[in-house]
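Written out below as C-alpha cells is the structure these notes cover.
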Amino acid sequence: MNSSYVPKKIACSWLLFLGGNVMKKYGVNELRKMFLEFFESKEHLILKSFSLVPQNDNSLLLINSGMAPLKPYFTGAELPPRKRVTTCQKCIRTGDLENVGKTARHGTFFEMLGNFSFGDYFKQDSIRWSWEFLTKVVGLDSERLYPSVYLEDDESFKIWREEIDVAPERIFKFGKEDNFWEHGSGPCGSCSEIYYDRGEKYGCGQPGCTVGCKCDRYMEIWNNVFTQFDNDGEGHYTELKQKNIDTGMGLERLAVIVQDVDSIFDVNTIQTLRNQVCEMAGLEYRHDHESDVSIRLISDHIRSTTFMLSDGIMPTNEGRGYVLRRLIRRATRHGRLLGISHLFLAELAGAFIEESKDAYPELEDKKDFIFNLFDNEEKQFNKTIDQGLLLLSDMERKMNENGGKCLSGEYAFKLYDTYGFPVDLTKEILKEKSYDIDEAGFKACMKEQQERARKARETMNYMGAEETVYDKIDPSVTTDFIGYDCLEGTSKIIVLTSETELRDSLMEGERGTIIVGKTPFYATMGGEQGDFGEIETANGVFAVEDTIKLRGGKYGHVGRMKFGMISKGEQSLLKVNQPSRKNTAKNHSATHLLQKALKIVLGGHVEQKGSLVAPNRLRFDFSHFQAMTKEELQATEDLVNQKIAEQLPVHMDIMSYDEAKQTDAIMLFEKKYGNEVRVVSMGDFSKELCGGNHVRNTGDVMLFKIISESGKAAGIRRIEALTGHGVIEYYQREEDQLYKAVKALKSSPEDLLYKIEHLQAELKSLHSENESLKSKIVSKLIDDMMANVTDIKGIHLLAAVVPNVDMNSLCDLGDQLKARLGEGVIVLFSFKEEKVNLMAMVTEEAQKAGAHAGNLVKVVAEVLGGRGGGRPSMAQAGGKNPTKISVAVKKIPEILSAQLQICKEKIKIS
C-alpha cells in the first residue's frame with residue numbers, strides 16, 4: 001500500500017503549493033479524478049456512479065447520498081465486490097426545492113465523493129487518509145482545517161490529537177444531533193467532520209463565530225461516519241461484529257474551497273452554465289436579485305434533469321417522473337421570466353454534457369434522446385402554462401362575481417397539480433391584481449398528496465420494503481445459473497423456506513421456496529419472465545411456479561409441494577418446462593429484432609423503456625413522441641419478418657463492457673452493467689447487451705405479428721406482439737370472428753364489406769330521417785310553448801314541462817326558446833322515472849330588472865325535494881319528486897315577481 005499519493009498528471013501542482021504557499025485552483029473534473037485515484041492507491045475498488053434510480057429500495061425516490069446504493073453491502077444482504085470501494089455518486093435532493101435559486105447555498109444536484117470499508121479498516125485509516133488527501137494532495141492549509149467528533153468518542157479525539165497532531169482547542173466535540181449518524185433501527189455510529197475556515201470575509205462578524213456557526217465562514221467539507229453499533233429502535237446499542245466506514249465529501253463544496261469562490265454557482269463547471277443562461281437572456285449576473293434567482297435555478301435544474309433523463313427517468317405525473325417534470329417546468333418558467341422566448345433547455349444541456357462527458361460518457365451516448373425529451377417537455381409545458389393562465393383568468397372572474405379577494409387553496413393546487421402551474425407564479429399574477437391566495441389551504445392539499453405518496457411507498461425497513469423470509473438467508477449463499485445450454489440439472493438443496501420462515505423440509509401441499517447451488521431455471525429479470533417446471537428428489541416433487549432473483553445472486557424457485565416431502569441437503573433433479581422456455585426465447589429474440597426495426601423505421605431516438613417477455617406474448621415500451629402510423633407499423637412488422645425469414649444466426653459473446661461499447665451494441669439506458677457483459681448478435685442486423693434466453697437462429701421465431709400500439713406515458717409508446725404458433729392461433733381466432741360476423745349478417749366472406757357498407761348507408765338514411773322528424777316535433781313544441789308566454793311586471797316568462805328529456809337536451813331547447821323569446825325568463829322542467837331536471841335562463845335585460853336564474857332555481861328545487869343553483873344568467877337543479885312539478889310551475893311567477901319587486905325598491909332607495 002502507498003503511504004502517500006501524488007496525482008499522476010498534476011504532481012507538480014501541489015508541489016508548487018508546498019514551495020510557494022499558493023494552492024492551485026483545481027477544476028471540478030480534476031478534483032473528482034484526484035479523489036478516486038487517491039483511494040485507488042489505497043487499494044480501493046473504483047465503482048462507477050450508480051443510477052439515480054434506487055434498486056430494490058422503496059425508501060427513496062432518488063439516490064440522495066453516496067452510501068444509499070451501497071446499503072445492501074452495509075446490511076450484509078449482499079457481499080461487496082471488494083472490502084474497500086470508492087465512488088463519486090450522482091445525488092439529487094429536493095427537500096429544499098423552494099429555496100433553490102433564492103440562496104446561493106441550495107441546489108438539487110450534487111456529486112458525493114466517498115470511500116467505504118466493509119469490515120476492513122476503521123477510524124484510524126479513515127481519519128488519516130482524509131487528512132492526507134486534503135492537505136497533501138489538494139494542498140489545503142492545515143491551519144484552516146478543524147475536525148469535530150462525537151462528544152463521547154474519545155478514540156477519534158485521540159487519533160486527531162496524537163496521530164494527526166491537531167491541537168486540542170482545534171478539535172470540537174458535538175452531541176448526537178451533529179456527530180452521530182443513525183436512521184431509526186439498524187446500523188449507526190459516531191462521525192467525525194472536517195471544517196474549513198474560508199476567512200473573515202465569509203463570516204458573520206459576531207464575536208463567538210467559530211466552527212458550528214450558521215454563517216458561511218466555517219464550511220463542513222468531509223464527514224467520516226464510523227458504523228460500529230446496532231440500534232434496536234428502542235435506544236439500546238450493541239457493538240457490530242463487522243464495523244464499517246462510510247464517508248462523504250461534496251465535490252462542489254470542495255471546489256468552492258479550492259477555487260476560493262462564493263458559492264457552488266461560481267465553481268468552474270456550474271459557472272459555465274450560469275454564463276450561458278446569462279448570454280441566452282442578454283443579462284449579467286449579480287445585477288438584479290430576481291434575475292439572479294432565475295439564473296441560479298436554471299443552472300442547477302439543468303444538471304439534475306439531464307442526469308435524470310440519462311438514467312432513464314421519464315417525465316410523468318407521479319413518483320420520480322413527477323420530480324423530473326416539476327424541475328423541467330420550473331426551469332422553463334424561469335426562462336420565461338428572464339425573457340428567453342425560444343426552446344433553450346436542450347441547448348443548455350448540450351453545454352453541460354460537454355463539461356461532464358469524460359466522467360459520465362453515458363451523457364454523450366444519450367444526448368440526442370435527452371435533447372428530444374427536453375424539447376418535447378418544454379413545448380408541452382408552453383402549451384400547458386397558457387391553459388393554466390386561461391383557467392386562472394376564469395377563477396379571477398368567479399372571485400369577482402362572488403366578491404372574493406382570495407383564491408382557494410384547492411384551486412391553487414389544481415393549477416399546480418393538473419397544469420403544472422407553479423404556485424409562486426399564481427401568487428405573483430394575483431398580487432399584481434390585488435388578489436391573495438389561501439396558502440394554508442394549498443399546503444394542506446400538498447400535504448395530503450405527499451401523505452398519499454408516502455403511504456404508497458410503504459417504507460417498512462432500512463431498504464424501504466417489508467421484511468421477508470428471504471432477509472433471513474445467509475448472504476454468502478449464491479446460485480450458479482447453468483440454463484443457457486441445458487434445461488435439466490442436478491444440485492443439492494441449500495435453503496428451504498415456507499412463506500414466513502426458514503425450514504428444514506416442506507410437506508405435500510405446502511407453499512415455499514427452494515434455493516440450490518446451481519440451476520437451469522432462469523429467474524425473472526430484464527423483462528423476461530422466470531421459468532417454471534419441477535424439482536424432484538427421492539422423496540417428493542415440487543412444482544416451480546416462478547423463479548425469482550434474490551439479493552446476493554440467489555435464485556428462488558417459488559411454488560408448492562405436489563406430493564411427498566423435500567428436505568434441506570437432499571440431491572435434486574431440476575427440470576424446466578421446455579415448451580414454455582422455447583416460446584419465451586422466441587419472444588425475447590423477436591424483441592431484439594423489433595427494437596432494431598423501430599430504430600430504422602422511426603429513428604435513432606428510439607430507446608427501450610421497459611419490456612415483458614412471456615411464453616405467450618411480448619410487450620415492448622419505447623421512447624417516441626407520437627402514435628405510429630399504419631404505414632410505420634406495417635414497415636416495422638415486415639422488417640422483423642424479413643429478418644426471421646433470412647434465418648440469421650444468433651451468437652452470444654462474453655466480453656468486457658468497454659469492448660462491448662466499441663461494437664455499438666444497444667444497451668439499456670438505466671441499467672448498471674458489470675465489468676463483463678454478454679452480447680447477443682443476430683447476424684449483422686441486431687446487437688444488444690442481454691442476459692436473457694434466445695433462439696439459435698432467427699428462423700426459429702417463425703412469425704411475428706404486432707397486435708397493438710398505444711401510449712403508455714408522455715413520450716413513451718407500447719407495442720404488444722406475438723410470435724410463432726401464437727400468430728397462427730391469433731389468425732385462427734380472427735377467422736372464427738369473421739365467420740361469426742358472416743353468419744350474423746347472412747353474407748359470405750367475399751361480400752361482407754359490401755354488406756356492412758350497405759347497412760351503414762341504410763342506417764345513415766334512417767338517422768337523417770329521424771333527425772328531420774325530431775326537428776319538426778321540436779319546432780311544433782316551441783310554437784306551442786310560445787303561446788303560453790306570460791308577462792310578470794313587464795318581463796316575459798315562459799315556464800313549461802317537457803317529458804323524458806335529459807339536461808343537455810333541456811339546455812339546447814332553452815337556447816332555441818331564448819332566440820325566439822328575445823328578452824325574458826325561461827324555466828323548463830323534465831322528468832324521467834323518479835328524477836326531475838330543472839333549468840332556468842335569464843336574458844341580460846331581465847337580469848337588470850332583478851331576475852336571477854340561480855336564486856330562482858334554488859327556491860324551486862326545494863319544492864321538488866332537490867337542490868341547485870348557478871349564475872344569474874343560467875342555472876340548473878335536480879329533484880326527487882315529479883309529483884310536485886305542477887306546484888313548482890305555479891310558484892315561478894310568484895318568485896320572479898318578488899325578485900323584480902326587490903330590485904325596484906332598491907332603485908327607489910338609491
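For the reader, a short list of remarks on this structure follows.
- No other residue among Ala761, Ala721 is more than 28 Å from Ala614 (Cβ to Cβ) and open to solvent by less than 70 Å² (accessible area, probe 1.4 Å) apart from Ala761.
- Screening Asp300 against (1) outside any helix (DSSP H, G or I); (2) crowded, with 20+ Cβ neighbours inside 10 Å; (3) of a type in the set (Asp, Glu) leaves a single unmet condition, (1).
- Scanning region 130-145 for residues that are touching a residue at least 40 places away in the same chain (Cβ under 8 Å) and either aliphatic (A, V, I, L, M) or surrounded by fewer than 21 Cβ atoms within 10 Å (Cβ to Cβ) (or both) yields Glu132, Leu134, Lys136, Val137, Val138, Gly139, Leu140, Asp141, Arg144, Leu145.
- Pair list, Cβ < 6 Å and 6+ apart or interchain, from region 96-119 residues that are on the phi > 0 side of the Ramachandran plot to residues that are open to solvent by 10 Å² or more (accessible area, probe 1.4 Å) and among the hydrophobic types (A, V, I, L, M, F, W, C): Gly101/Val293
- Of all residues in region 56-74 being within 18 Å of Leu550 (Cβ to Cβ) and open to solvent by 30 Å² or more (accessible area, probe 1.4 Å), the one that is modelled with the highest pLDDT: Tyr73
- A single member of Gly388, Gly403, Gly409 is open to solvent by 10 Å² or more (accessible area, probe 1.4 Å), over 20 Å from the mean Cα position of the chain (by Cα) and not acidic (Asp, Glu), and it is Gly403.
- Of the set (1) closer than 22 Å to Asp375 by Cβ; (2) within 16 Å of the chain's Cα centre (by Cα); (3) surrounded by fewer than 23 Cβ atoms within 10 Å (Cβ to Cβ), all apply to Gly319 but (1).
- Yes/no for Lys609 being open to solvent by less than 40 Å² (accessible area, probe 1.4 Å), at pLDDT below 95 and either part of a strand (DSSP E or B) or out of contact with any Pro (no Cβ under 7 Å at 6 or more places or on another chain) (or both): yes
- Matching residues in region 492-544 - criterion: being touching a Ser or Thr at 6+ places or on another chain (Cβ under 6 Å), in contact (Cβ under 8 Å) with a residue 60 or more places away in the chain and closer than 27 Å to Gly691 by Cα: Ile493, Gly527
- Residue check for Gly691: open to solvent by less than 40 Å² (accessible area, probe 1.4 Å) and not charged (D, E, K, R): yes
- With respect to (1) open to solvent by less than 40 Å² (accessible area, probe 1.4 Å); (2) modelled with pLDDT of 95 or more; (3) in a helix (DSSP H, G or I); (4) not hydrophobic (A, V, I, L, M, F, W, C), the lone exception for Glu30 is condition (1).
- Tabulated pairs, region 680-700, first modelled with pLDDT under 95 and aliphatic (A, V, I, L, M), second surrounded by fewer than 22 Cβ atoms within 10 Å (Cβ to Cβ) and in a loop (DSSP other than H, G, I, E, B), C-beta under 6 angstrom, 6+ apart or interchain: Leu689/Ala665; Leu689/Met667
- When region 123-160 is filtered for residues that are closer than 14 Å to Ile257 by Cβ, among the aromatic types (Phe, Trp, Tyr) and either touching a Ser or Thr at 6+ places or on another chain (Cβ under 8 Å) or assigned to a helix (DSSP H, G or I) (or both), only Phe133 remains.
- Region 211-249, subset assigned to a loop (DSSP other than H, G, I, E, B) and closer than 25 Å to Leu145 by Cα, residue most open to solvent (accessible area, probe 1.4 Å): Lys214
- Some residue of region 542-562 being hydroxyl-bearing (Ser, Thr, Tyr), out of contact with any helix residue (DSSP H, G or I) (no Cβ under 8 Å at 6 or more places or on another chain) and under 24 Å from Arg581 (Cα atoms): yes
- Summed over region 787-816, the residues that are part of a loop (DSSP other than H, G, I, E, B), closer than 21 Å to Lys832 by Cβ and open to solvent by 80 Å² or more (accessible area, probe 1.4 Å) give a count of 2.
- Condition broken by Leu373, with the remaining ones in (1) within 16 Å of Met280 (Cβ to Cβ); (2) crowded, with 20+ Cβ neighbours inside 10 Å satisfied: (1)
- Residue within region 800-812 that is closer than 28 Å to Ile777 by Cβ, out of contact with any Cys (no Cβ under 7 Å at 6 or more places or on another chain) and at pLDDT 90 or above present: yes
- Conditions (1) modelled with pLDDT under 90; (2) farther than 23 Å from Lys609 by Cβ; (3) touching a Leu at 6+ places or on another chain (Cβ under 7 Å); number of the one not met by Lys398: (3)
- Residue match in region 338-345 (condition: in contact with a helix residue (DSSP H, G or I) (Cβ under 9 Å, 6 or more places away or on another chain), crowded, with 20+ Cβ neighbours inside 10 Å, closer than 21 Å to Gly101 by Cβ and of a type in the set (Gly, Ala, Ser)): no
- Evaluating Glu163 against the criteria (1) under 19 Å from Phe116 (Cα atoms); (2) at pLDDT 95 or above; (3) among the acidic types (Asp, Glu) leaves one unmet condition, (1).
Table: residues versus (1) hydrophobic (A, V, I, L, M, F, W, C); (2) under 30 Å from Asp358 (Cα atoms).
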| site | (1), (2) |
| --- | --- |
| Ala68 | yes, yes |
| Thr87 | no, yes |
| Lys90 | no, yes |
| Glu98 | no, no |
| Phe110 | yes, yes |
| Lys136 | no, yes |
| Glu143 | no, no |
| Pro147 | no, no |
| Glu155 | no, no |
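- Just one of (1) free of Cβ contacts under 8 Å to residues at least 40 places away in the same chain; (2) in a loop (DSSP other than H, G, I, E, B) fails for Gly552. It is (1).
- From Glu709, Glu735, residue being without any contact (Cβ under 8 Å) to a residue 24 or more places away in the chain and either part of a strand (DSSP E or B) or surrounded by fewer than 16 Cβ atoms within 10 Å (Cβ to Cβ) (or both): Glu735
- The lone exception for Leu60 - which of (1) part of a loop (DSSP other than H, G, I, E, B); (2) over 19 Å from the mean Cα position of the chain (by Cα); (3) of a type in the set (A, V, I, L, M, F, W, C) it fails: (2)
- Region 826-848, residues that are open to solvent by 20 Å² or more (accessible area, probe 1.4 Å) and either part of a strand (DSSP E or B) or modelled with pLDDT under 90 (or both): Phe831, Lys832, Glu833, Glu834, Lys835, Asn837
- Top-ranked residue in region 627-657 [being hydrophobic (A, V, I, L, M, F, W, C) and part of a helix (DSSP H, G or I); ranked as farthest from Arg718 (Cα to Cα)]: Ala645
- Subset tally (residues that are of a type in the set (D, E, K, R) and exposed (fewer than 15 other Cβ atoms within 10 Å of the Cβ)) for region 159-180: 6
The values are calculated or read from the model by the stated rules, or taken from the named source; none is laboratory data. This structure is a prediction, so every number in the text was calculated from the model and none was measured. Cβ coordinates were reconstructed from backbone atoms using ideal geometry, including for glycine residues, and neighbour counts include every protein chain displayed. The accessibility values were calculated without ligands, DNA or RNA, using every heavy atom of the protein model including side chains. Shrake-Rupley method; radii C 1.70, N 1.55, O 1.52, S 1.80 Å.
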